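The values are calculated or read from the model by the stated rules, or taken from the named source; none is laboratory data. Note that the structure is a prediction, hence the values are computed from the model and not measured. Neighbour counts run over all protein chains shown; Cβ positions are idealised from the backbone, glycine included. With ligands, DNA and RNA removed, areas are computed over all heavy atoms of the protein, side chains included. Shrake-Rupley method; radii C 1.70, N 1.55, O 1.52, S 1.80 Å.
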Amino acid sequence: MTELKTDRFYINGDWIASQGGTMMEVINPATEEVFAEVAMGTAADVDAAVQAAKAAFPSFSKTTKAERLDLLGAIREVYQKRYDEMSMLITEEMGAPISLSDRAQAAVGIGHLDGVVKALETFDFEHRNAPGDLILHEPIGVCGFITPWNWPINQIALKVIPALAAGCTMVLKPSELTPMNALLYAEILHEAGVPEGVFNLVNGDGPTVGAAISSHPDVAMVSFTGSTRAGVEISKAAAPTVKRVTLELGGKSPNILLDDCDFEEAVKRGVRHCFQNTGQSCNAPTRMLVPQSHYETAMEIAKDVAESTKVDLPTQTGNHIGPLVSQMQYDRVQSLIQAGIEEGARLIAGGPGRPEGFNRGYFVRPTVFGDVRNDMRIAQEEIFGPVLVMIAYEDEADAVRIANDTPYGLAAYIQTGTSAESQARGLAMAREIRAGMVHLNGSDISYGSPFGGYKLSGNGREGGAYGIEDFCEIKAIST
């Protein structure tokens, strides 16, 4: 593996020393040991990166679709060559089990690129509308990206690739908890031949680097993925310069089991999906809604699945879960598990503390709560750990009411029977759910489909043509 330049930022096609000189430790969440240190940026570092992006914009924005397709193809080739490095880094810095890193965490860097390429091939940057005016989709300008730690390359790719496709230039601030994969991604883009100044990277924290990007007058757009709280602060910082802000924020996604679904299969799938990535996914199905008549049976199935869920070191292969990303995240999950107990929910499996056999690392016990009311904290707040809450409902109208009774609206899941009538019921219910994505019977949206949510889950959409559109200004020319 190449030794990454952790004391440098990637600005204007070169690795530049930070103007601040402060370093931050990167912790392996499985061992709680330091395995790297990275430079922490300043507002001056951000300004240097923005000026590089600004200078590169006039020429890059005029590249042709064919030239940008060739560039994306080159990025794919280099990424594939360094795929194993990417997978291992994500495992080391965020604790994703290596098998999950191989098949999902690193894989999305290819999947999202392919989705954008397919969309770009048919994307119409110029067309005549019905009245006969010429409508142009033009790159918006310099973009600022602030990305999270839970699916790091997923969110970097969902911003960088469509921005390149649109002809934008950019500055990236990855999470300070998982900066290593972003440094490797910068190397990949450099090797692929991304022109100087088009892509720039500055590591740092939100209050310093994130705020400087959000408020910078030469940044035309900010795209942020993370907590709703941070999204609000970014929107406030961006408001005085009236820049475009797109946000992909939190979720508390319902998973509705209809009364004729295969409960054994649906409950097992729902629990495992909730626990995937150690529960650190914004679209995880964390609220399982079950018909009252099947509630006790469903809780028994969920208990068995949770108790058989293996927790192990992320370096081990297999279908187990690893640690949470940090001490802060561990403390938050522990406090919410305790809150569920104090609120009177029934602890079906798991509970506070580390799993048996672990005395260090941010490992948590796979936890399931029953007898949950939707007004409890564990049903309303995003826990971001392997914690499932199970809620009984009376009829389909009640299920829809509970599903929508949340400040979030990122995703929802519906499990139906196999008959055409039951699947039609599921589709009708999907239309009633206030969420940006609804998954029927274990399905997933495709690369290139829009990813994003309603309400406090954010605004804007990522992926494919919708992602490219987000990075464009629309100009009408009357002739």
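Per-structure values
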read-out: Matching residues in segment 238-249 - criterion: being open to solvent by 20 Å² or more (accessible area, probe 1.4 Å), more than 17 Å from residue 172 (Cα to Cα) and touching a residue at least 24 places away in the same chain (Cβ under 8 Å); value: 240, 241
read-out: Some residue of segment 33-41 being of a type in the set (D, E, K, R), over 24 Å from the mean Cα position of the chain (by Cα) and over 30 Å from residue 315 (Cβ atoms); value: no
read-out: Condition check for residue 158: more than 30 Å from residue 329 (Cα to Cα) and among the aliphatic types (A, V, I, L, M); value: no
read-out: Qualifying residue in segment 438-445 (condition: closer than 29 Å to residue 235 by Cα, of a type in the set (Gly, Ala, Ser) and under 26 Å from the mean Cα position of the chain (by Cα)); value: no
read-out: Unique residue being of a type in the set (Val, Ile, Thr), open to solvent by 20 Å² or more (accessible area, probe 1.4 Å) and either under 25 Å from residue 407 (Cβ atoms) or under 20 Å from the mean Cα position of the chain (by Cα) (or both) when the list is 222, 232; value: 232
read-out: Output for segment 251-263, where each listed residue is touching a helix residue (DSSP H, G or I) at 6+ places or on another chain (Cβ under 6 Å) and crowded, with 22+ Cβ neighbours inside 10 Å; value: 254, 255, 256, 257
read-out: Flag for residue 186 being open to solvent by less than 10 Å² (accessible area, probe 1.4 Å) and either assigned to a loop (DSSP other than H, G, I, E, B) or over 22 Å from residue 473 (Cα atoms) (or both); value: yes
read-out: Whichever residue in segment 235-252 is under 17 Å from the mean Cα position of the chain (by Cα) and part of a loop (DSSP other than H, G, I, E, B) and, among such residues, is nearest to residue 286 (Cα to Cα); value: 252
read-out: Some residue of segment 87-95 being over 30 Å from residue 472 (Cβ atoms) and in contact with a strand residue (DSSP E or B) (Cβ under 7 Å, 6 or more places away or on another chain); value: yes
read-out: Unique match (being assigned to a helix (DSSP H, G or I), surrounded by 24 or more Cβ atoms within 10 Å (Cβ to Cβ) and of a type in the set (A, V, I, L, M)) among 305, 271, 290; value: 271
read-out: Residue 266 vs. criteria assigned to a helix (DSSP H, G or I) and open to solvent by less than 10 Å² (accessible area, probe 1.4 Å); value: yes
read-out: Some residue of segment 135-142 being touching a strand residue (DSSP E or B) at 6+ places or on another chain (Cβ under 7 Å), in contact (Cβ under 8 Å) with a residue 24 or more places away in the chain and within 17 Å of residue 247 (Cβ to Cβ); value: yes
read-out: Unmet criterion (only one of (1) closer than 16 Å to residue 89 by Cα; (2) in contact with a Gly (Cβ under 9 Å, 6 or more places away or on another chain)) for residue 144; value: (1)
read-out: Elements of type strands (runs of 3 or more DSSP E) in segment 330-449, at least 1 residues being touching a Leu at 6+ places or on another chain (Cβ under 6 Å) and surrounded by 16 or more Cβ atoms within 10 Å (Cβ to Cβ); value: 367-370, 387-393, 411-415
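Rundown of residues vs (1) β-branched (Val, Ile, Thr); (2) under 26 Å from residue 141 (Cβ atoms); (3) out of contact with any Ser or Thr (no Cβ under 8 Å at 6 or more places or on another chain); (4) touching a residue at least 12 places away in the same chain (Cβ under 8 Å), yes/no style:
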{"position": "57", "(1), (2), (3), (4)": "no, yes, no, yes"}
{"position": "89", "(1), (2), (3), (4)": "no, no, yes, yes"}
{"position": "95", "(1), (2), (3), (4)": "no, no, no, yes"}
{"position": "115", "(1), (2), (3), (4)": "no, yes, no, yes"}
